[in-house]
Amino acid sequence: MYKVHCLNNISEKGLELLTSDYELTDSLQDADVVLVRSADMHDMDVPDGLKAVARAGAGVNNIPLQKLAERGIPVFNTPGANANAVKELVIAGMLLSARDIIGGNAWVKANADDENVGKAAEKAKKQFAGGEITGKTLGIIGLGAIGKRVAFAASALGMDIVGYDPFMDAVAAEQIVSGLRFVTDLDDLYEASDYITIHVPATDQTRGMIDAAAIGKMRDGVVFLNFSRDVLVNDPDMAAALESGKVSRYVTDFANPSVVKMPNAIVLPHLGASTAEAEDNCAIMAVNEVMNYLATGEKVNCVNL
Ligand code: MLT
């Protein structure tokens, strides 16, 4: 009997797939299998009997991959399982930044007791007006499961798409959506884009890649969207760019003490994968990967061995 410990809430849709060879345990130290979402495992004591870890999500920077690999413990992730949910929030992020929807809604709430709120709103609304995303250029850094879906959806909304991905070639990239302009030099994407969204993992190579030098190459007034990981962006450099207006809006899914105070930042509480559908998909995929591994030794979507 394999014992499964969940470090975070894992959807029932996945857990109910566990066969009679598995049972849930509240004790991490008894676990053969760990299922995790965002819990930070770096400083945890890994149980002696641990046989596999599965992350219900794509990013694995909360898991000590190398340490587990040295002990022969595979770590699985679920690429693509929450990509549609993230894509929808990226589109929402662009729309939230195109007009001051958040400011407008706050104004309405603040004037909730005014009997003439309708008339007052007509006078107030110009301060929340903005532009449209149709006809604007969206630069997508990283054309994996999420980046591809964002390209497709944004193109359907009338945006021009510029894509960059060092692991893809032009032929593959151009099949994502008709008209996508694939660039092999990030500077070309920076130069061409009104909106830029980043969809790459947090690694030693990508940490801090959006710094003053990168921002300096972007268009004045660019909107930058980060639904990947906060560490990709150099916070002091982004704060300075928002202060100067070089970046008009920073939409990020990662609250930290620095970004919450930035002017013109729209900060969300890591909601990208928080839909019922994505949570079910990730849990189902994670549970199936682990059961398949323990039954056959096959490592599908293993990220560390
Ligand atoms: C991911 O890496 O796929 C997301 O951050 C998942 C999550 O929100 O748990």
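Here is a yes/no grid of residues against (1) over 17 Å from VAL60 (Cβ atoms); (2) at pLDDT 95 or above; (3) within 16 Å of the ligand (Cβ to nearest atom):
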residue	(1), (2), (3)
SER258	yes, yes, no
LYS261	yes, yes, no
ASN264	yes, yes, no
PRO269	yes, yes, yes
ALA273	no, yes, yes
GLU279	yes, yes, yes
ILE284	yes, yes, yes
MET291	yes, yes, no
VAL300	no, yes, no
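Determine which member of the set ILE176, ILE101, ILE161, ILE140 is of a type in the set (A, V, I, L, M, F, W, C) and touching a residue at least 40 places away in the same chain (Cβ under 8 Å).
Numbers: ILE176 fails: touching a residue at least 40 places away in the same chain (Cβ under 8 Å); ILE101 fails: touching a residue at least 40 places away in the same chain (Cβ under 8 Å); ILE161 fails: touching a residue at least 40 places away in the same chain (Cβ under 8 Å).
Of ILE176, ILE101, ILE161, ILE140, the one residue that is of a type in the set (A, V, I, L, M, F, W, C) and touching a residue at least 40 places away in the same chain (Cβ under 8 Å) is ILE140.
Exactly one condition in (1) under 21 Å from the mean Cα position of the chain (by Cα); (2) open to solvent by less than 50 Å² (accessible area, probe 1.4 Å); (3) not small (Gly, Ala, Ser) is not met by ASN9; state its number.
Every listed condition holds for ASN9 apart from (2).
List every residue pair whose Cβ atoms sit under 7 Å apart, with the two residues 6 or more apart in sequence or on different chains, where the first one lies in the range 242-253 and is more than 17 Å from LEU96 (Cα to Cα) and the second, anywhere, is open to solvent by less than 10 Å² (accessible area, probe 1.4 Å) and at pLDDT 95 or above.
LYS246/ILE215
Step by step: first the residues of the range 193-220, then only those that are open to solvent by less than 30 Å² (accessible area, probe 1.4 Å) and not hydrophobic (A, V, I, L, M, F, W, C), then the one that is farthest from the ligand (Cβ to nearest atom). Which residue is that?
Checking each candidate, the answer is SER193.
Of the residues ASP100, ASP30, ASP43, which single one is more than 16 Å from the ligand (Cβ to nearest atom), open to solvent by 40 Å² or more (accessible area, probe 1.4 Å), of a type in the set (Asp, Glu) and under 25 Å from ILE196 (Cα atoms)? Steps first, please.
Numbers: ASP30 fails: under 25 Å from ILE196 (Cα atoms); ASP43 fails: under 25 Å from ILE196 (Cα atoms).
Exactly one residue qualifies, and that residue is ASP100.
Give me a count of the residues in the range 221-256 that are surrounded by fewer than 17 Cβ atoms within 10 Å (Cβ to Cβ), polar (S, T, N, Q) and over 17 Å from the mean Cα position of the chain (by Cα).
Final tally of qualifying residues: 1.
If you go through the range 284-305 one residue at a time, how many are exposed (fewer than 14 other Cβ atoms within 10 Å of the Cβ) and without any contact (Cβ under 8 Å) to a residue 60 or more places away in the chain?
Taking the range 284-305 as the starting set, the residues that turn out to be exposed (fewer than 14 other Cβ atoms within 10 Å of the Cβ) are 295-298, 300, 305.
From the residues that got through so far, the ones that are without any contact (Cβ under 8 Å) to a residue 60 or more places away in the chain too are 295-298.
The number of residues fulfilling the criteria is 4.
Would it be correct to say that VAL150 is open to solvent by less than 40 Å² (accessible area, probe 1.4 Å), part of a helix (DSSP H, G or I) and under 23 Å from ASP253 (Cβ atoms)?
Yes.
This table checks each residue for (1) among the charged types (D, E, K, R); (2) over 21 Å from ASN304 (Cα atoms).
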| residue | (1), (2) |
| --- | --- |
| ASP48 | yes, no |
| ALA83 | no, yes |
| ASP100 | yes, yes |
| GLU115 | yes, yes |
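Please find, within the range 47-83, the residue that is nearest to ASN301 (Cα to Cα) out of those that are within 12 Å of the ligand (Cβ to nearest atom) and open to solvent by 40 Å² or more (accessible area, probe 1.4 Å).
Pass one, the range 47-83, residues within 12 Å of the ligand (Cβ to nearest atom): 55-63, 77-83.
Subsequent filtering for residues that are open to solvent by 40 Å² or more (accessible area, probe 1.4 Å) retains 58, 61, 79.
Values: ALA58: 10, ASN61: 15, PRO79: 8 Å.
Checking each candidate, the answer is PRO79.
Which one of the conditions (1) more than 16 Å from the ligand (Cβ to nearest atom); (2) within 25 Å of the chain's Cα centre (by Cα); (3) among the aliphatic types (A, V, I, L, M) does LEU35 fail to meet, given that it meets all the rest?
If we test LEU35 against (1) more than 16 Å from the ligand (Cβ to nearest atom); (2) within 25 Å of the chain's Cα centre (by Cα); (3) among the aliphatic types (A, V, I, L, M), just (1) comes out false.
Condition check ((1) under 29 Å from ILE140 (Cα atoms); (2) out of contact with any Asp or Glu (no Cβ under 8 Å at 6 or more places or on another chain)) across all residues:
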| position | (1), (2) |
| --- | --- |
| GLN29 | no, no |
| VAL53 | no, yes |
| ASN61 | yes, yes |
| PHE76 | yes, no |
| ILE102 | yes, yes |
| TRP107 | no, yes |
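The values are calculated or read from the model by the stated rules, or taken from the named source; none is laboratory data. Since we're looking at a predicted model, the values are computed, not measured. Cβ atoms come from the backbone with ideal geometry, glycine included; neighbour counts cover every protein chain shown. Just so you know, the surface numbers come from the protein's heavy atoms only, side chains and all, with ligands and any DNA or RNA stripped out. Shrake-Rupley method; radii C 1.70, N 1.55, O 1.52, S 1.80 Å.
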